[in-house]
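Have a look at the structure below before the remarks.
What follows is calculated from the coordinates using simple rules that are stated; it is not laboratory data. On a predicted model such as this, the values are computed, not experimentally measured, just so you know. Neighbour counts run over all protein chains shown; Cβ positions are idealised from the backbone, glycine included.
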Amino acid sequence: MPEHVLILGGAGFVGSALAIGLKQHHPDWTITCLDNLRRRGSELNLSRLKSLDIAFVHGDVRSPSDLEPAAFPVQTIIDCSAEPSVLAGFSSPQYVLQTNLIGTINILELARQVQARVLFLSTSRVYPIQALKSLTLQERATRFELATEQSLAGVSPNGIAETFGLDGARSLYGATKLASELLITEYRDAYAMPAIVNRCGVLTGPWQMGKVDQGVFTLWMAAHYFGKPLSYIGFGGTGKQVRDLLHIDDLLRLVEYQLAHFSTLDGGVFNVGGGTASSLSLLETTQLCEAITGKAVPIQPVLEDRPGDVPLFITDSQKVMQQTGWQPKLTPEETLRSIYHWIADHETILRPVLG
């Protein structure tokens, strides 16, 4: 049956990509996006939404009056509205706390009143920092790698699984997302509210307005394209820190499956990322960006670690793959090339934001 879907944070990178992809695949669905347009570059997505007859509401999840039930008679809510920056929690915690905690409460209240199901995009940042820093690593020529033998549960050559311990500090950003997960659990139990939680790793792809604290792979490609200097920050300044990356189109495929099989997956909490095969160090990312753009940029080593940083995080997505049959398709090189072509095709409008 046709859906009415509300996507919160719907003009952001993830929200707009999901809205556009779902509308293209399901033209009979009604899709509404709500966003406060705080993130620079999000305004560029409004014409893209409008071209597909996706409704846009300028609103803020922090404000209950912007989420009146009468205005949103929806069956499904996809929450992509969080402030996603770990560093922001150290420099301006009020916005992170208000958006990610108060916002979640307001969203759950809307879902309760209209009896909607909730797909919540959480984060791998729910896992504690010191525990991640205590992982046994091996240093290779271009990256850090997980050693075969580890003392902590929930870590394997596949990366970090959902069974990894949650005791310890994880940054204010990570804490707000974990607290939101707990609130969802309570609402699901108290009000029989169907809900699925995806703990996403690094998401990337075209239309991401990459910054130093969020969207690092887009930032790296944009810096090479526009000839901007970069820095290898922390962990010896060698650029060997590692993350796995997931193209937004791969996330879209999973979300579509989850929406179609919501009752089966209801209550699930899933790690969602590219995994070991789609992981890159910053140094390896540099090498790929140089090969794709034909340009090299100056990169300065910074020895001091940033607050909240970890040398390696790789998402173990075995649970969601086993339950859904989903797996990432796009390689890191394909993902970076897609970002490069997007920048080249839209250089004029992107230069003020990324250049």
* So what's the projected area for the range 1-72, the Cα convex hull averaged over all directions, in nm²? -> 4.7
* **Relative exposure of Arg306, Arg253, Arg243, Arg140, judged by other C-beta atoms within 10 Å (fewest first)** => Arg140, Arg306, Arg253, Arg243
* Sorted from largest down, what three extents in whole angstroms do the Cα atoms of the range 196-355 have along their principal axes? -> 50, 36, 23
* Could you give log10 I(q)/I(0) at q = 0.14 Å⁻¹ for the chain, computed by the Debye formula over C-alpha point scatterers of equal weight, without solvent? => -1.20
* Just for the chain, what percent of DSSP beta bridges are antiparallel, to the closest 5? -> 20
* Asked: What ranking do 3-13, 126-136 get when scored by the average of other Cβ atoms within 10 Å per residue, highest first?
  -> 3-13, 126-136
* **the range 304-355: GluC sites (Glu not before Pro) falling in loop per DSSP and having at most 14 other Cβ within 10 Å** => Glu304
* Structure fact -> Calculated from DSSP helices alone, with each H run of at least 4 adding -39500 (n - 2.57) and the total divided by the residues of the chain, [θ]222 nm to the nearest 500 comes to -11000 deg cm²/dmol
* Relative contact order [Cα under 8 Å, 6+ residues apart], the chain, whole percent -> 18
* Cβ-placed point charges (K, R +1; D, E -1), dipole of the chain about Cα centre in debye, nearest 20 -> 520
* With θ set to phi - 60° and the Karplus curve 6.51 cos²θ - 1.76 cosθ + 1.60, what are the ³J(HN,Hα) couplings of the range 206-219 in order, to the nearest whole Hz, using x for Gly and Pro? -> x, 6, 8, 8, x, 10, 5, 9, 5, x, 5, 6, 5, 4
* Let me know the charge dipole size of the range 206-287 about its Cα centre in debye, to the nearest 20, where only the beta-carbon of Lys, Arg (+1) and Asp, Glu (-1) is charged. => 340
* Asked: If you find the alpha carbon centre of the range 1-80 and of the range 103-129, how far apart are they in angstrom?
  -> 15
* Structure fact -> For Lys133, counting only aspartates and glutamates whose alpha-carbon sits under 19 Å away and dropping same-chain residues fewer than eight positions off, the answer is Glu145, Glu149, Glu162, Asp167, Asp213, Asp244, Glu304, Asp305, Asp309, Asp316
* Asked: Which of Lys50/Lys228; Lys240/Lys295; Lys228/Lys329; Lys23/Lys329; Lys177/Lys240 have a Cα-Cα distance over 23 Å?
  -> Lys50/Lys228; Lys228/Lys329; Lys177/Lys240
